[in-house]
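The values are calculated or read from the model by the stated rules, or taken from the named source; none is laboratory data. These figures come from a predicted structure and were not determined experimentally. Cβ atoms come from the backbone with ideal geometry, glycine included; neighbour counts cover every protein chain shown. When the accessible area is computed, the model is the full protein with side chains, heavy atoms only, and any ligands, DNA or RNA have been set aside. Shrake-Rupley method; radii C 1.70, N 1.55, O 1.52, S 1.80 Å.
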Amino acid sequence: MIVQACINGARPADFHPALPLDPGAMARDAAASMAAGAAELHVHARGADGRESLAPEAMDGTVAVLRRACPGTLIGVSTGAWIEKDDLRTLVAISGWRELPDYASVNLSETAAPVVMESLRQRGIGIEAGLASIADAERLVGLDHGGRVLRVLIEISEQALDEAFAVADGIETVLERASIRRSILLHGENATVWPFVERAAARKFSTRVGLEDGKELPDGAVADGNAALVAAAVGIYRGA
């Protein structure tokens with residue numbers, strides 16, 4: 001079980017004053033998150049214009065500076081279709097990376113997921129299979145990729161807790177029925193961050209926290225930054 005730090009995501013600059021958006025800020029924030037107890041990093045590289053980017057000129061510099069700041073730490077990135085807004089451009093970008101991340105998340109809800117997964121696999125990059133619905137889980141099973149991914153990422157966006165738990169239960173049922181035995185990282189977002197951290201700890205799954213998923217601590221106060229969120233999650237795991 002690990003706590004992964006998701007330090008920025010697609011959040012806009014005004015989401016939180018400590019949101020790290022350039023490589024230097026990401027490196028400092030990543031080091032602080034690791035010191036607080038995170039075991040891995042999940043980052044969204046940004047271009048010179050501050051927007052998310054998979055382009056090699058953005059990705060290579062970001063991964064390189066994170067490697068220097070956090071040696072030996074596994075680094076993951078997103079391949080979300082919204083970043084490049086074009087499937088071919090996404091694939092071209094991945095083929096051009098020189099500083100390779102250890103793994104990349106692929107959303108099974110996206111049309112190009114199978115070919116993106118294959119592109120990553122050909123480059124030796126691990127895959128986090130992102131499942132946000134029961135249909136996503138069923139697609140993963142149907143594609144026969146379940147046994148060939150680094151881990152399964154169950155990421156729940158529903159904000160009503162009963163509904164969110166029901167979706168998570170349904171995804172787990174599909175995976176169990178298909179005998180997919182990969183490690184699971186479970187997380188919510190915004191209102192459901194901490195209920196899912198507690199659920200993950202109780203079920204001995206990994207989880208993630210950070211400004212990508214939410215900015216509030218378990219008591220509802222706004223965190224100073226990613227390190228405080230990580231420390232709170234680590235505390236929950238230690239008490240589980």
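From helices alone, the chain scores -13000 deg cm²/dmol at 222 nm; the rule is -39500 (n - 2.57) for each run of n ≥ 4 DSSP H residues, then divide by the residue total.
With a 1.4 Å probe rolled over the protein heavy atoms of all chains, the accessible area of D102, D49 falls in the order D49, D102, largest first. Any chance you could check the Cα centroid distance between the range 186-230 and the range 1-69 for me, in angstrom? The range 186-230 and the range 1-69 have Cα centres spaced 17 Å from each other.
Dipole magnitude for the range 1-133: computed about the Cα centre from +1 point charges on Lys and Arg Cβ and -1 point charges on Asp and Glu Cβ, it is near 220 debye. Modelled label positions at K204 and E57, each set 7 Å beyond Cα in the direction of Cβ, lie 4.9 nm from each other.
Computed with a 1.4 Å probe on the full set of protein chains, the accessible area for V92 sits at about 90 Å². GNM on the chain, alpha-carbon springs under 10 angstrom: the most fluctuating residue among G47, G220, G188 is G220.
Each of R181, R11 has its accessible area taken with a 1.4 Å probe; listed largest first, they run R181, R11. The portion of the accessible surface of the range 3-239 made up by carbon and sulfur, rounded to a whole percent, is 52 (1.4 Å probe; DNA, RNA and ligands excluded). Calculated FRET efficiency, S179 to D87, Cβ-Cβ distance, R0 = 35 Å: about 0.70 to the nearest 0.05.
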